[in-house]
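Heads up: the structure comes next, in structure tokens.
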Amino acid sequence: MKCINLILAFMMLLTASAYAVTDLGVHGKTYQIEENDFYDWLMSEISKKQHLVKGFGKDELSKKLGQAMKLEGLNVSDCTENSTRLVDPTYVLERNITDASENILYSKGTTVNPLDYFNLQRNYMFLDVDNNEHLKVYFSKVKANPKHPIQPIAVNGDLQVFFDLSQKNGVNVPAGKANEGMLKKFNLSCAPSLISQEGKMVRVQSFRTEKVKK
């Protein structure tokens, strides 16, 4: 089982890295790739080692990957009204922040606003990726302003099905998985909700939707 988990973690890391690549175009002379396809090589190596793990094969791997792409149980309700509010992201340090030499940079109890140190590079939409009404809101916002990226964050649903649907709609952005910490940090109580930066505050825009499932 440790072997399976290691392979899964490695493949998920490769997948996440691939999603983050930006097409920079073609510059200068190009050459045909002579190396073996990495996926084919990896699957070949897995096939050679599968006898070491009882009951392991491509079907098992596919099943494990499918399970990893599903998210359930955050219990985020549908938004019942359109609303916009500002959330102060300031928090109090629960421990000292030190440098490599253990010198204290920021003491426990210090009040910190992360937006004093960096800006959000994109907006974030929390949504149930299995809910048609949530998907309509997400795709409408993406198409309304295609130059300003929106990162989808799933509070429920099948991320692989969502990504396949996104590609059909011309959007090549996979959804991340939400967790309780994110919901608490942004004070989110319903979805779909769009997170963006407004000065040193976080703007939370919620959209009313009907409870319609696929």
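Tell me, what HN-Hα J-couplings in whole Hz come from the Karplus equation 6.51 cos²θ - 1.76 cosθ + 1.60 at θ = phi - 60° for each residue of the range 175-181, using x for Gly and Pro?
So the Karplus estimates, Gly and Pro as x, are 8, x, 9, 7, 9, 4, x Hz.
Could you give the length gained on full extension between residue 105 and residue 72, defined as 0.36 nm per residue of separation minus the Cα-Cα distance, in nm?
Separation in residues times 0.36 nm, less the Cα-Cα distance, equals 8.0 nm.
Identify, among 171, 194, 182, the residue whose Cα sits farthest towards the positive end of the charge dipole of the range 142-214, taking +1 on the Cβ of Lys and Arg and -1 on the Cβ of Asp and Glu, with the dipole about the Cα centre.
The residue sitting farthest along the positive end of the dipole is 194.
Tell me, what ³J(HN,Hα) does each residue in the range 116-122 have, in order and in whole Hz, if you take phi through Karplus 6.51 cos²θ - 1.76 cosθ + 1.60 with θ = phi - 60° and put x for Gly and Pro?
So the J values, rounded to whole Hz, are 6, 10, 7, 10, 5, 7, 8.
Modelled label-to-label distance, residue 45 and residue 201, 7 Å Cα→beta-carbon offset: nm?
5.2 nm
Between residue 81 and residue 168, how high is the FRET efficiency from 1/(1 + (r/R0)^6) when r is the Cβ-Cβ distance and R₀ = 45 Å? Nearest 0.05.
So, using R0 = 45 Å, E works out to roughly 0.90.
Please tell me which of these pairs span more than 22 angstrom C-alpha to C-alpha: 136/184; 70/136; 108/177; 141/184?
Pairs exceeding 22 Å: 136/184; 108/177; 141/184.
Would you check the accessible area of residue 161, probe 1.4 Å, heavy atoms only, in square angstrom rounded to 10?
That residue has around 70 Å² of solvent-accessible surface.
The values are calculated or read from the model by the stated rules, or taken from the named source; none is laboratory data. These numbers come from a predicted model, not from an experiment. Note that we place each Cβ from the backbone using ideal geometry, even for glycine, and neighbour counts take in every protein chain shown. For accessibility, only protein heavy atoms count, side chains too; no ligands or nucleic acids. Shrake-Rupley method; radii C 1.70, N 1.55, O 1.52, S 1.80 Å.
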